[in-house]
Amino acid sequence: MDLWIWFLLLIVIGGLVGSAIGKARGRRKAGAVWGALLGVIGWVVIAAGPDLRPKCSECGGSIVEGARRCKNCGADLSAASS
């Protein structure tokens, strides 16, 4: 019985870490699934995968969701989204 508890704990921890890595890449749900299923290998898959966050039209840098200005170049993003 103790073995099952450890197994489930590893799945949950793998999913949480994968979710955190996926959030940084714009792929939170995929990160949680890959992390829960494959652990460290899933974390690498998500970290090496494409960045799906929106990009700034001026500099091409990643934009934080809900931002009004680009964190990289300072471009006004409210005019682009309207």
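Considering only Gly35, Gly61, Gly18, the Gaussian network model of the chain with Cα springs below 10 Å gives its largest mean-square fluctuation to Gly61.
Find the percent of Cα-Cα distances in the chain that exceed 16 Å, and round it to a whole number. The share of Cα pairs beyond 16 Å in the chain comes to 57 percent.
Note: relative contact order over segment 14-56, using C-alpha pairs below 8 Å and six or more positions apart, is 39 percent. The angle between the Cα long axis of helix 2-25 and the main principal axis of the chain comes to about 10°, on a 0 to 90 degree scale.
The charge dipole of the chain, taken about its Cα centre with unit charges on the Cβ of Lys, Arg, Asp and Glu (plus for the first two, minus for the last two), comes to roughly 200 debye.
Here, each number is a calculation from the coordinates, and none is a lab measurement. Small disclaimer: the values here were computed from a predicted structure and weren't measured. Every residue, glycine as well, gets a Cβ built from its backbone with ideal geometry; the counts of neighbours run over all protein chains shown.
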